[in-house]
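FYI, it's all coordinate maths here, none of it is from the lab. Since this is a predicted model, take the numbers as computed values, not measurements. Here the Cβ positions follow ideal geometry from the backbone for every residue, glycine too, while neighbour counts run over all protein chains shown.
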Amino acid sequence: MDDKTVSKLIAAEEKRQREGLELIPSENYVSREILKAMGSVFTNKYSEGYPGKRYYGGQVNTDVVEQLAIDRAKALFKADHANVQPHSGAPANEAVYHAWLEPGDTIMGMELSHGGHLTHGRPGTISAKLFNFVRYGIKDIETGEIDYDLMREIALKTKPKVILAGFSSYPRELDYGKFASIGNEVGAVLMADIAHIAGLIAGGVLANPLDFGFQVMTTTTHKTLRGPRGAMILSKGKVGNPLQGVDKTVENLPTLIDRTVFPGLQGGPHMHIIAAKAVAFHEASQPEFKVYCKQVLKNAKALSDALMKKGFKLITNGTDNHMMVADIQSSFGFDGSIAEKTLDRIGLTLNKNVIPDDPLPPYKPSGVRLGTPAITTRGLGVEHMAQVAEWMNKALRARNDETELGKIAKQVKAFASSFPLPSDS
């Protein structure tokens, strides 16, 4: 049966992606090989358990492809173990929490408006109902420097069992050495949520927390890693049999995590996605991926500089990674939701976002978040960033002028259409 309705929607979404520029820093494009793996017959197979330790038969190929993904992930991130089964980033974080903590235990994470993620303790989430979250944040909004002295003071007072380094909208790089020093002093497990920067770590352009004594890293496999939608957990320690109980020690974290992912939180893994993860990890190990990661950072620096020249107020006055957060309220006198909708109309996609200690509500926040992973994948370079900034500036200043917005939209469409999608080749 030909489902024409869904077929039309797929074609429409491909057209939207082809004719616009994706600036949301958590989005990217996958290769044709990854798309093929995602659409493969591996989707037909239930594989509860782990390679060599399944609950169903017929695992001769699934065991090989999952072990391949595990081995490639370990090599890419210099980890002792990788669990490649988490369906997305939120359950990956939940799995680590439940592997190590008891309800009521304390986790230290980044202040949400300063860049932390929902799973780092936003009120209303499951993790916030079960665990006690305490916060660290930015000391100087102009530089983005974390207040490590206050962080240490709070850690000594609250004795968190996990100290979580990671973010969803922070444009600078964290000092993992200082995190490790504080964590070791209070006896906390060191966890890094690298969902946004995993590809940049794999590509060697940003630091790897495991090199600083972190025991656990969680990450999505899309974003800068350019893989399928999914997640994984990387850890240091002794890899044991997940079918057997082990003592709750830091050394046994890999086994504790495996037992928590399955059967603790998930049932059957999505084997077609795991196959696609294996392809993505292979692609990320190639020399050209390192070139890509370097270009992401160059483009981000060029775009942030171009935006500031146009009068955009950027949080921390620039970026050290792939993203930037702009204070639209201060720059233009209206909120980030209006900016998001206006730029959608011309084919530039980004997302509204809170700024540190934002006085406005989350659905109409002061800022927007944008970045360069996806446009770099499309082939844009430093020489194109000033044009992107110019379109953004013109559109926001002419947000009520339909004629002007229409002119800009045509320019964006013509420009974007000249850069193929990775799935074209």
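Across the options 10, 46, 230, the greatest Cα extent toward the positive end of the charge dipole of the chain (unit charges at beta carbon of Lys, Arg, Asp, Glu) belongs to 10. Rounded if a/c is under 1.5, else prolate if a/b beats b/c, else oblate: with a ≥ b ≥ c from the C-alpha gyration tensor eigenvalues square-rooted, which is segment 297-424? Oblate, because a/c is 1.5 or more while a/b does not exceed b/c.
Under a model in which nothing but the beta-carbon of Lys, Arg (+1) and Asp, Glu (-1) is charged, the chain shows a dipole of about 660 debye around its Cα centre.
Considering only 377, 249, 119, the Gaussian network model of the chain with Cα springs below 10 Å gives its largest mean-square fluctuation to 249.
The ellipsoid equivalent to the alpha-carbon distribution of segment 325-392 has semi-axes of 23, 12, 11 angstrom, derived from the gyration tensor eigenvalues as √(5λ) and listed largest first. Of the trypsin sites (Lys or Arg not before Pro) found in segment 334-425, those that fall in a DSSP loop while having at most 16 other beta-carbon atoms within 10 Å are 345. For segment 116-223, the set of GluC sites (Glu not before Pro) satisfying both a DSSP loop assignment and a count of at most 11 other C-beta atoms within 10 Å is given as 142. Which is farthest toward the positive dipole end of the chain among 391, 25, 362, measuring Cα position about the Cα centre, with Cβ charges +1 (Lys, Arg) and -1 (Asp, Glu)? Towards the positive end, the residue furthest out is 391. The stretch between residue 290 and residue 310, if pulled fully straight at 0.36 nm per residue, gains 4.1 nm over its current Cα-Cα span.
Kirkwood hydrodynamic radius computed over the chain comes to 22.3 Å, based on all pairs of distinct alpha carbons.
From helices alone, the chain scores -12500 deg cm²/dmol at 222 nm; the rule is -39500 (n - 2.57) for each run of n ≥ 4 DSSP H residues, then divide by the residue total.
A Förster distance of 25 Å, applied to the separation of the beta-carbon atoms of residue 360 and residue 403, puts the FRET efficiency at 0.25.
By average Cβ neighbour count within 10 Å, what is the ranking of 195-203, 13-21 from highest down? Numbers along the way, then the final one.
Details: 195-203: 27.1, 13-21: 15.3.
Order by mean packing, descending: 195-203, 13-21.
Could you work out the local net charge near residue 272, counting Lys and Arg as +1, Asp and Glu as -1, over the other residues with Cβ closer than 12 Å to its Cβ? Residues close to residue 272 contribute a combined charge of +3. Remark: segment 90-207 carries a charge dipole of roughly 280 debye about the Cα centre, counting +1 on each Lys and Arg Cβ and -1 on each Asp and Glu Cβ.
For segment 125-281, the relative contact order is 14 percent, taking Cα pairs closer than 8 Å that sit 6 or more residues apart in sequence and dividing their mean separation by the residue count.
GNM, the chain, Cα, under 10 Å: largest mean-square fluctuation among 168, 127, 330? Top of the fluctuation ranking is 330. Annotation: amide H of residue 360 within the under-5 Å range of 366, sequence separation 5 or more or interchain, hydrogens built in the peptide plane.
Based on alpha-carbon atoms, the Kirkwood radius and the radius of gyration of segment 122-242 give Rg/Rh equal to 0.96. Can you say what percent of the DSSP beta bridges in the chain, counting only those with both residues inside, are antiparallel? Round to 5. Within the chain, antiparallel bridges account for around 55 percent of the total.
For segment 33-284, the direction-averaged projected area of the alpha-carbon convex hull comes to 12.8 nm². Across segment 114-121, computed HN-Hα scalar couplings (Karplus, 6.51 cos²θ - 1.76 cosθ + 1.60, θ = phi - 60°) run 8, x, x, 9, 3, 6, 8, x Hz from first to last residue, x flagging Gly and Pro. Kirkwood radius and radius of gyration were both taken over the C-alpha atoms of segment 351-425, and their ratio Rg/Rh is 1.04.
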